[in-house]
């Protein structure tokens, strides 16, 4: 019998125990996994060093610059440790966002802080040597910017830091939206040129806001992030252009630009013609910003936050809204430069040329030496030599040796020369200085503030800090006391004759006129003030006494100490320009003193109002007195020492004012007003001994008044300001002309007399 073969399989052997290598693999994997989990948990809990808390991530601390804004919305300047201003996502042009994503993190909107694909790509690049991009996301870079690395850390600590950044990135993604992360990143990056954050960078390189940037500008700024110095358009324009075009190519690659758009934009050269590094000593309203800085520092000390800590103007990103009008500020600065720097200064240099002891006049050698040595001891050169152990005699010998140096000129900037340090002190002492302030008559808002000719080189503020003799600009206050009595009016006739005062120490004082205008005749008070006649000011002081005048000016905001002596009738007292403008403003403001104000409000970096300024007011005199004094001061500019305003400068709108000149022409003043603006100007040298030698050149009508005239011309002709409309159609604007008080019943000249009870003179 034939047996056919069967297809039955042999039975399987029972499986043996798992390979030891497989066991080891799983043990290593589990241990490694647990180690990684434990590592990240430890990092997250802060067990391996500092880890930002929830509140840290909620409010990441970056040094934010405090911004100062004009009343017309222009950024005047900043206070900062880092020039950084926050910017919201909505303020970023789409070209900025697209350029950053295309260049730094194409999957930004798809990952959760750490991009696994990117890490795999990096690992593959390390293994193969074929690098196809980095693995760091925008969120990781933000984490690094918010919590900076230690540059001196070991390799182990750097690895640990990198892992921390992964954890922080993941937390940031949970706490913030993608748009918020994008904005935070742009706010924390350094673009070089003293600009931190995109808002500062856009202003520095292009004079624009981030929302105003175009494709080529956005691409250039994003390209700079790789290495701000290497790709700076100022230092390395070719490298910057190449890097910008690389960014544009990336934008094309990811579909943000078409090929045609990319090719076209890449051919556009880089334009940084508006490049301007932001600096505390440059820009508009520098003197005002320095005064404001001091005010804010004091305000911060007296106004704590809700949590008890104190605001910091250099870190907290406050928003300061001021009363300054950027257009009027420019007009004021231009007026000062046009007249003082470009006209008066060359004239003064020529005036003192060849004069012994120039720029000082009528000083002995000893007095001149004292001034020069005092200035020498304040110089940096002196301090360095003193610290090195040199004696004063040794230092002085060095100061008399010619050395190479740079000196300031208004027409050529800084120029190289050979000069002794002591002669350079004489040269600096020869520069004329100027202070100017303008304020709104009815609100007290300070519209323009010029504390000097150039803050970069002369940082002393001649508006708030400086106090100089005021000369004849004090006379309107004396006349106002007379008007207040009711016994005098602008048309009152008084004798133009010398007046003698008996002084407490037993001596006498008889002031003299500067000329012989109608000497010995009867003259109206209006004409007397217009011609600035000393006899008449002395006559009124004789009638009412110094105390009455002092009491009057104190009610008008003057806080400086004024001696109770009859010579104050001629301005023998020292006041600041700030005080003068505030006091004079009482006249066009119908007798009401309103404290000049600089700030409307302060906001925190979230826009919450934390301070609102309420100006102080005081009724300094009745409306009729103010009206009569206005008429008196109108006479000054109509037919008196200020008549050039209407003649030479063709200013024909209503105004009043008063010139002032002190002894030896050391100080030139002009204070004046229109129904809308009050403005004061002072011109002189730092040292009173340096001055013009003739009244024709150094009087206030020649030195200070032209600055007022040029400023008013510019303001009232500026179509962007309301004043041009007022001048064109005065009938449409009530109060443009100085309003006659309702209680006043006399003629428009202010000549009627309203009798009141006269107080006994405080001085005889």
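Restricting attention to the stretch 342-354, which residues are surrounded by fewer than 18 Cβ atoms within 10 Å (Cβ to Cβ) and within 21 Å of residue 680 (Cβ to Cβ)?
Hit for the stretch 342-354 is 343, nothing else.
Condition test on residue 220, is it touching a helix residue (DSSP H, G or I) at 6+ places or on another chain (Cβ under 7 Å) and at pLDDT 90 or above?
Taking the combined requirement at face value, the residue satisfies it.
Among the candidates 660, 680, 672, 684, single out the residue that is in a strand (DSSP E or B), out of contact with any helix residue (DSSP H, G or I) (no Cβ under 6 Å at 6 or more places or on another chain) and closer than 18 Å to residue 580 by Cα. Step through it out loud before you land on a result.
Values: 660 fails: out of contact with any helix residue (DSSP H, G or I) (no Cβ under 6 Å at 6 or more places or on another chain); 680 fails: out of contact with any helix residue (DSSP H, G or I) (no Cβ under 6 Å at 6 or more places or on another chain); 672 fails: out of contact with any helix residue (DSSP H, G or I) (no Cβ under 6 Å at 6 or more places or on another chain).
Just a single option satisfies the conditions, and that option is 684.
Please find, within the stretch 498-533, the residue that is nearest to residue 485 (Cα to Cα) out of those that are buried (at least 19 other Cβ atoms within 10 Å of the Cβ) and touching a residue at least 60 places away in the same chain (Cβ under 8 Å).
525
Could you list all residues from the stretch 638-663 that are under 20 Å from residue 730 (Cα atoms) and in contact with a strand residue (DSSP E or B) (Cβ under 7 Å, 6 or more places away or on another chain)?
655, 656
Taking the conditions exactly as written (assigned to a helix (DSSP H, G or I), touching a strand residue (DSSP E or B) at 6+ places or on another chain (Cβ under 7 Å) and either surrounded by fewer than 16 Cβ atoms within 10 Å (Cβ to Cβ) or modelled with pLDDT of 90 or more (or both)), does residue 288 satisfy them or not?
It is true that residue 288 is assigned to a helix (DSSP H, G or I), touching a strand residue (DSSP E or B) at 6+ places or on another chain (Cβ under 7 Å) and either surrounded by fewer than 16 Cβ atoms within 10 Å (Cβ to Cβ) or modelled with pLDDT of 90 or more (or both).
For the stretch 66-86, check the following and say yes or no: at least one residue is part of a loop (DSSP other than H, G, I, E, B), closer than 23 Å to residue 254 by Cβ and modelled with pLDDT of 85 or more.
The answer is no, given that none of the residues of the stretch 66-86 is part of a loop (DSSP other than H, G, I, E, B), closer than 23 Å to residue 254 by Cβ and modelled with pLDDT of 85 or more.
Yes or no: the stretch 194-216 includes at least one residue that is without any contact (Cβ under 8 Å) to a residue 24 or more places away in the chain and more than 34 Å from the chain's Cα centre (by Cα).
Looking through the stretch 194-216, none of the residues is without any contact (Cβ under 8 Å) to a residue 24 or more places away in the chain and more than 34 Å from the chain's Cα centre (by Cα).
From 438, 375, grab the single residue that is crowded, with 16+ Cβ neighbours inside 10 Å, touching a strand residue (DSSP E or B) at 6+ places or on another chain (Cβ under 9 Å) and either outside the structural domain of residue 692 (by TED's automatic domain parsing) or in a strand (DSSP E or B) (or both).
Only one candidate passes the filter, namely 438.
Taking the stated definitions as given, is residue 543 surrounded by 18 or more Cβ atoms within 10 Å (Cβ to Cβ) and either out of contact with any helix residue (DSSP H, G or I) (no Cβ under 9 Å at 6 or more places or on another chain) or part of a helix (DSSP H, G or I) (or both)?
It is true that residue 543 is surrounded by 18 or more Cβ atoms within 10 Å (Cβ to Cβ) and either out of contact with any helix residue (DSSP H, G or I) (no Cβ under 9 Å at 6 or more places or on another chain) or part of a helix (DSSP H, G or I) (or both).
To keep it simple, each residue is scored yes or no on (1) more than 25 Å from the chain's Cα centre (by Cα); (2) closer than 21 Å to residue 446 by Cβ; (3) modelled with pLDDT of 95 or more; (4) surrounded by fewer than 16 Cβ atoms within 10 Å (Cβ to Cβ).
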residue: 682; (1), (2), (3), (4): no, yes, yes, no
residue: 707; (1), (2), (3), (4): no, yes, yes, no
residue: 721; (1), (2), (3), (4): no, yes, no, no
residue: 731; (1), (2), (3), (4): yes, no, no, yes
residue: 734; (1), (2), (3), (4): yes, no, no, yes
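I'd like to verify a number: residues in the stretch 580-597 that are surrounded by 19 or more Cβ atoms within 10 Å (Cβ to Cβ), in a loop (DSSP other than H, G, I, E, B) and touching a helix residue (DSSP H, G or I) at 6+ places or on another chain (Cβ under 9 Å), how many?
Residues flagged as surrounded by 19 or more Cβ atoms within 10 Å (Cβ to Cβ), in a loop (DSSP other than H, G, I, E, B) and touching a helix residue (DSSP H, G or I) at 6+ places or on another chain (Cβ under 9 Å) within the stretch 580-597 amount to 7.
Let me confirm something: among 135, 113, 125, which residue is farther than 22 Å from residue 255 by Cβ, modelled with pLDDT under 70, over 43 Å from the mean Cα position of the chain (by Cα) and outside any helix (DSSP H, G or I)?
Working: 113 fails: over 43 Å from the mean Cα position of the chain (by Cα); 125 fails: outside any helix (DSSP H, G or I).
After ruling out the rest, the residue left standing is 135.
Considering every residue within the stretch 387-398, establish whether at least one is surrounded by fewer than 18 Cβ atoms within 10 Å (Cβ to Cβ), within 30 Å of residue 716 (Cβ to Cβ) and not assigned by TED's automatic domain parsing to the domain that holds residue 670.
For the stretch 387-398, residues surrounded by fewer than 18 Cβ atoms within 10 Å (Cβ to Cβ), within 30 Å of residue 716 (Cβ to Cβ) and not assigned by TED's automatic domain parsing to the domain that holds residue 670: absent.
Go through (1) modelled with pLDDT of 95 or more; (2) out of contact with any helix residue (DSSP H, G or I) (no Cβ under 8 Å at 6 or more places or on another chain); (3) assigned to a loop (DSSP other than H, G, I, E, B) and name the single condition residue 506 misses.
Failed condition: (1).
Restricting to the stretch 87-104, count the residues that are part of a helix (DSSP H, G or I) and buried (at least 18 other Cβ atoms within 10 Å of the Cβ).
The total comes to 10.
Anything in the stretch 179-206 that is surrounded by fewer than 17 Cβ atoms within 10 Å (Cβ to Cβ) and either at pLDDT 90 or above or part of a helix (DSSP H, G or I) (or both)? List them, or say none.
Result: 179, 180.
Return the only residue of 602, 550, 610, 568 being part of a helix (DSSP H, G or I) and touching a residue at least 40 places away in the same chain (Cβ under 8 Å).
Values: 602 fails: part of a helix (DSSP H, G or I); 550 fails: touching a residue at least 40 places away in the same chain (Cβ under 8 Å); 610 fails: part of a helix (DSSP H, G or I).
Being part of a helix (DSSP H, G or I) and touching a residue at least 40 places away in the same chain (Cβ under 8 Å) holds for just one of 602, 550, 610, 568, which is 568.
Which one is farthest from the chain's Cα centre (by Cα), of the residues in the stretch 512-533 that are within 20 Å of residue 656 (Cβ to Cβ) and assigned to a loop (DSSP other than H, G, I, E, B)?
Among those residues, the one meeting the criterion is 533.
Residues checked against (1) in contact (Cβ under 8 Å) with a residue 60 or more places away in the chain; (2) touching a helix residue (DSSP H, G or I) at 6+ places or on another chain (Cβ under 9 Å); (3) assigned to a helix (DSSP H, G or I); (4) surrounded by 16 or more Cβ atoms within 10 Å (Cβ to Cβ):
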| residue | (1), (2), (3), (4) |
| --- | --- |
| 447 | yes, yes, no, yes |
| 456 | yes, yes, no, no |
| 463 | yes, yes, no, yes |
| 480 | yes, yes, yes, yes |
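Suppose the filter is at pLDDT 95 or above, within 29 Å of the chain's Cα centre (by Cα) and in a loop (DSSP other than H, G, I, E, B); does residue 324 pass it?
Answer is yes for this residue.
Could we say that residue 571 is under 35 Å from the mean Cα position of the chain (by Cα) and either buried (at least 19 other Cβ atoms within 10 Å of the Cβ) or under 22 Å from residue 657 (Cβ atoms) (or both) here?
Against the criterion (under 35 Å from the mean Cα position of the chain (by Cα) and either buried (at least 19 other Cβ atoms within 10 Å of the Cβ) or under 22 Å from residue 657 (Cβ atoms) (or both)), residue 571 qualifies.
The values are calculated or read from the model by the stated rules, or taken from the named source; none is laboratory data. Here the structure is a predicted model, which means the values were calculated and not measured. Here the Cβ is made from the backbone with ideal geometry for all residues, glycine too, and neighbour counts use every protein chain on show.
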